[in-house]
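The values are calculated or read from the model by the stated rules, or taken from the named source; none is laboratory data. Just so we're clear, the structure is a prediction, and the values are computed from it rather than from any experiment. Every residue, glycine among them, receives a Cβ derived from its backbone with ideal geometry; neighbour counts consider all protein chains shown. Ligands, DNA and RNA are excluded from the accessible area calculation, which covers all protein heavy atoms including side chains. Shrake-Rupley method; radii C 1.70, N 1.55, O 1.52, S 1.80 Å.
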Amino acid sequence: MKRTMLTRLAAMVLVATAILYPGVAASQAILACAKRVDIVVFLRDHLSERLSAVGKLDPNTIVEIYAADSGNWTLMLSDASGRSCIILSGEGWESIPVLPGEKA
């Protein structure tokens, strides 16, 4: 009985701490979302970033990576409705060419 109560108390303290002190995770949860076309134009015109890689996350969502020659990059999610959100951005992007005969 005491063990169950202590386990529940510890779980409640952990949940309360996560709610009351979200720390860095909360600041990263703020997304910049807009129409895909608007974000693509902004990335091209203001950051000189072009589409570098694309992948399918699920049937309705794609992941896109835009990169500039300077090394700046942006990771964006786009859904079927045309809405896109910038998830991450950074510096130091390097494209690695695929050598002939190698399969990824």
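Here His46 and Ile96 are evaluated by their C-beta separation; at R0 = 25 Å the FRET efficiency comes out at 0.45.
Shape class of segment 33-77 from the alpha-carbon gyration tensor: oblate, with a/c at 1.5 or above and b/c at least as large as a/b. Asp58 exposes around 60 Å² of accessible area when a 1.4 Å probe is run over every protein chain in place.
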